[in-house]
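Colleague: Supplied in C-alpha cells, the structure appears directly below.
The values are calculated or read from the model by the stated rules, or taken from the named source; none is laboratory data. Since the structure is predicted, the reported quantities are computational estimates derived from the model, not experimental observations. Quick reminder, even Gly has a Cβ in these numbers, built from the backbone with ideal geometry, and neighbours come from all protein chains shown. Calculation scope for accessible area: heavy atoms of the full protein, side chains included, ligands and nucleic acids excluded. Shrake-Rupley method; radii C 1.70, N 1.55, O 1.52, S 1.80 Å.
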Amino acid sequence: MCGIIGYIGKRKATEVIMNGLKRVEYRGYDSAGISIIENGKLVTIKKSGRLNELNKLIDHNKYSSNIGFGHTRWATHGEPNDINAHPHLDNSGKVSIIHNGIIENYSALKSLLTKQGYHFKTETDTEVLAVYIGSIYEKNKNIAEAVRLALADVTGTFGLLVIAEDEPDKIIGARRGSPLVIGIGKNEFILASDQTAIVDYTKHVIYPDDNEMVILTKDSYVIKNLDNININKEITTIEFELNQLEKGGFPHFMLKEIFEQGKTIENATRGRIILATGDVRLGGLTEVADRLRTAKRIILTACGTSWHSALIGKYMIETLARIPVDVEYASEFRYRDPVIYPEDFVVAISQSGETADTLEAIREAKRKGCTTLGIVNVVGSSIARATDAGVYLHAGPEIGVASTKAFTSQVTVLLLFALYIGRMRSVSQTEGIRIIKEIQEIPKKIEKILQQADKIKEIAKRYSKSRNFLYLGRGYNYPIALEGALKLKEISYVHAEGYPAAEMKHGPLALIDDEMPVVFLATKDEVFDKLRSNLEEVKARGGKIIAIATENNEGNELIKNKVEHMIYIPETLPIVMPILSIIPLQLLAYYIADELGRDIDNPRHLAKSVTVE
Ligand code: AGP
C-alpha cells in the first residue's frame, strides 16, 4: 500500500521520482504527489487520481533540483482527494514527509499538538506526524534527530521519507513494519518502498530493518537505529532484470504474467528436483530438515490468493507427508492467541513478503517459540527476513494487482515442500519419481492451455454481462474454485462465489437459475463421479455450466451434453492438477474484465501489497 521513492544525487530529481512512481504505482493509485528542494525552496505538488494527473501539473523544464521524493497513495485515513494526498508539511511549511503505513496514536498526538497551538489541514495521520516532527525541529534544528525523536513516540507502522528546506542536502528515511529499500549508486541514492523503483539506477541495495533510519547526502549514508546507535548493513544485489518490469508487448501486466507461467514454474523447480531418486532439494530448509522430519503439526498462514495456495498446500502436505496441517488467515491468527507448540512449524506464504498481517502472524508465532518458515517471492522482503528459513519462488516481479504467476509458483513450491518432507518420511522412491516426472511436464502442459486463450475469450464475451458467477470444485479443485472467483471479483467487479461443489445442496443451490453461469472444475480424479452428480443438480435447475475438464477422460462423455462449454486441460496427477486448472480461470477473469473495460492491472480500491492491517 502506497508507493514511495526518494532521490538524492546528480540527476534531475523530478524525472527519477516520476519514473520511480510509475514503477510503484501498483502499490496504490488514489492520488500522488512530490516534494523537491528547488533553489533552496521546498516545492510540493500533489493531485488526486492517477499518476498522469500529477504529471500534468509538473513543469519538468522548470525544475533542476537533485533532491526530492514522491508518493502514490492507497488511502487509509481521509478520502483520496488533493488535500489528503502526500506529501504532507509541518506548520512552518518547510518540512515535508511521505509515509506508507498507519500512525495508530495520531489522535492523541493531534490533540496534544492542537493544545500547543498547531493546526491541521487534512484528515490524515501522516500530517500529524509531519507537524510533530516539525514541532521538534523548530527547537533542535536537526532534521534527522527530530525524525528520530518523533518516531520514538509513535505507535503504528511507517516507511517514511523526510526532507527539510533548511537542510537541502539531506533525505531521511525510516521504517517500522512498512518496507524501505536503499539503492546505492555512485554519488547518488534512491530510497523506495520496493526494488522495482531502484533497479533503473542501481542493483546494489540495503534493506533497513524495523526501527532503523537512514540519513543520506549525495555521497554518504549513515544507518542507525531509533536508539541512535550506528549500524553496519550488508549491501546485496537485486536479482531481476529491467525487462521484467515491462509489459513485453502484452496489453496488461496480468496477461503477460499469465503467459509467463510455464517459465516461472521452471524457475521454481530448477535445481530442486532430482528425477533419478525422486527427491527434492530445498537448500533454504537444510538447517531445519531434521526437525521437519519429526514435525507433529504445520500451520500455514497467509492472506488472499496466498491463502488459497495454503489450502492446496494443506492437502498436499497431509497426503505426502502425513503431518496434520492447519490453514489460518493471518489476520485472524495474529489476534486470537493461537495454540502453538515449540515443535510446530508456522509457514508464511506471501508473494510480496510485506503483507502486514502475514508478517505479524509470523512474529506472533516466533514469540510463541516455534520455528517459522517463509514461502516468499520478493527476495530480501520483510517476511523473508523475519522467518527462520524458507524457500523463494523465483517468479520475478509480479506487477498486476491480481496475483497469477505467484500463485502457481506458490502451489508448485508447496508441492515440492510436501514431497521434500514426504520423502524423509513415508513416500517411496517410485512415488517420488512419478510426481517429479509430472512436475517436469507442467510447463509444456501450461503452454497447451494458453493456446486456448482465444476460445476462452469467446466464452468470456458471452458471459461478460452476467452479474453473478459460481465456481465449484472438490478436493484439490476446491481452493481453485475460491481462487477463480477471487480473480473475477477483483478485476471485473462482478460478484463471484467459490464453493466446495458438494456443499451446494446445503443452501447455495437456491441461487441457481437460468441466468447463473457456473464454472465446474470437472477434472479427472477420484471424486469425478461425485462431482458429476453435483453438476447434474445444477443443470437440473437451469444453471449455465462452463466445465474445466481433463483431456482423455472417458467420464467427459457423461457431462458433455449437460454443459454449455468444455475447456480441456491436459491430464496430470490430481496433486499437480491445481497448477493447471487455475489457468483457464485466470484467462476467463482477465477476458471478462477486459470486455467490461476495467482497469485490469490496477483495479479500484485495491493495491498490490497490503502493508496495513
Ligand atoms: C491476489 O490477487 C490479491 N490481490 C491478494 O489477495 C493477495 O494475494 C494478498 O493481498 C496477499 O498478498 P501477498 O501474497 O503479497 O502476501
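Colleague: Given the options Ile274, Ile215, Tyr329, identify the residue whose Cα lies farthest towards the positive end of the charge dipole of the stretch 182-329 (+1 on Cβ of Lys, Arg; -1 on Cβ of Asp, Glu).
Modeller: Value computed over the given set: Ile274.
Colleague: Assign unit charges at the C-beta atoms only (+1 for Lys and Arg, -1 for Asp and Glu), then state the dipole size of the stretch 248-445 relative to its Cα centre in Debye, rounded to the nearest 20.
Modeller: Roughly 440 debye for the stretch 248-445.
Colleague: Oh, and also: Using a basic spin-label model with each label point 7 Å from the Cα along Cα→Cβ, how many nm lie between Lys263 and Lys233?
Modeller: Label-label distance for Lys263 and Lys233, simple model: 3.0 nm.
Colleague: I'd like the FRET efficiency for Asp290 and Asp599, computed as 1/(1 + (r/R0)^6) with the beta carbon distance as r and R0 of 41 Å, rounded to 0.05.
Modeller: 0.25
Colleague: Also, I was wondering about something else. Roll a 1.4 Å probe over the protein chains and send me the accessible area per residue for the chain in Å². It would help to have the intermediate numbers written out before the result.
Modeller: Numbers: 22650 Å² over 613 residues.
On a per-residue basis, the chain sits at 37 Å².
Colleague: Beyond 18 Å, what percent of the Cα pairs of the stretch 4-124 remain? Can you show the working numbers first?
Modeller: Numbers: 3667 of 7260 pairs.
So the pairs more than 18 Å apart make up 51 percent of the total in the stretch 4-124.
Colleague: What accessible area, in Å² to the nearest ten, does a 1.4 Å probe give for Leu320?
Modeller: Looks like 10 Å² after rounding.
Colleague: In addition: Taking the Cβ-Cβ separation of Gln452 and Lys247 as r and a Förster radius of 22 Å, what is the calculated FRET efficiency to the nearest 0.05? Don't skip to the end; give the middle numbers.
Modeller: Details: r = 22 Å, r/R0 = 0.99.
Efficiency, from the Cβ-Cβ distance: 0.50.
Colleague: Could you rank the peptides 248-260, 375-387 by their average count of other C-beta atoms within 10 Å per residue, with the highest value first?
Modeller: Result, highest mean first: 375-387, 248-260.
Colleague: Would you be so kind as to identify which of Ser96, Asn55, Ser35 lies farthest towards the positive end of the dipole of the chain, taking Lys and Arg as +1 and Asp and Glu as -1 on Cβ and the Cα centre as origin?
Modeller: The one lying farthest along the dipole's positive direction is Asn55.
Colleague: What is the distance, in nm, between label points placed 7 Å from the Cα along the Cα-to-Cβ direction at Lys444 and at Arg425?
Modeller: In this crude spin-label approximation the distance works out to 3.2 nm.
Colleague: How big is the antiparallel share of DSSP beta bridges in the chain, given as a percent to the nearest 5?
Modeller: 60
Colleague: Now for a separate question. Suppose a student asked you for the relative contact order of the stretch 1-131, using Cα pairs under 8 Å spaced at least 6 residues apart; what percent would you report?
Modeller: Values: 287 pairs, mean separation 35.5, N = 131.
Computed over the stretch 1-131, the figure is 27 percent.
Colleague: A further question follows. Going toward the positive end of the dipole of the chain, with +1 on Lys and Arg Cβ and -1 on Asp and Glu Cβ, which of Gly369, Ile349, His86 do you reach last?
Modeller: The residue sitting most towards the positive pole is Ile349.
Colleague: How much of the accessible area of the chain, in percent, comes from carbon and sulfur atoms when a 1.4 Å probe is used?
Modeller: Percent of accessible area from carbon and sulfur atoms in the chain: 49.
Colleague: Right, another one. Treating only the Cβ of Lys, Arg, Asp and Glu as charged (+1, +1, -1, -1), what charge dipole size does the stretch 3-238 show about its Cα centre? Round to the nearest 20 debye.
Modeller: Using only the charged Cβ atoms, the result is roughly 460 debye.
Colleague: Filter the cross-link list Lys22/Lys366; Lys296/Lys366; Lys256/Lys457; Lys256/Lys455 down to pairs whose alpha-carbon distance in this structure exceeds 26 Å.
Modeller: Lys22/Lys366
Colleague: Here's something else I'd like to know. For a Förster distance of 41 Å, can you work out the FRET efficiency between the beta-carbons of Ile274 and Glu537, rounded to the nearest 0.05?
Modeller: In this case the efficiency is close to 0.35.
Colleague: Using only the Cα atoms of the stretch 452-600, what semi-axes does the equivalent ellipsoid have when each is the square root of 5 times a gyration tensor eigenvalue? Give whole Å, largest first.
Modeller: Values: eigenvalues 92, 61, 39 Å².
Equivalent-ellipsoid dimensions as semi-axes: 21, 18, 14 Å.
Colleague: Let me ask something additional. Radius of gyration and Dmax for the chain's Cα atoms, expressed in Å?
Modeller: 25.4, 81
Colleague: Each residue of the stretch 165-172 in order: what ³J(HN,Hα) in whole Hz does its phi give by Karplus 6.51 cos²θ - 1.76 cosθ + 1.60, θ = phi - 60°, with x for Gly and Pro?
Modeller: Taking θ as phi minus 60°, the curve returns 4, 7, 10, x, 10, 9, 10, 10 Hz for the stretch 165-172.
Colleague: What percentage of all Cα-Cα pairs in the stretch 44-107 are separated by more than 17 Å?
Modeller: Percent of Cα pairs beyond 17 Å in the stretch 44-107: 48.
Colleague: For the chain, what is the charge dipole size about the Cα centre, in debye to the nearest 20, if Lys and Arg each add +1 at the Cβ and Asp and Glu each add -1 at the Cβ? Walk me through the numbers on the way to the answer.
Modeller: On the way: 76 positive and 79 negative charges, 90 e Å.
That gives the chain a dipole magnitude of about 440 debye.
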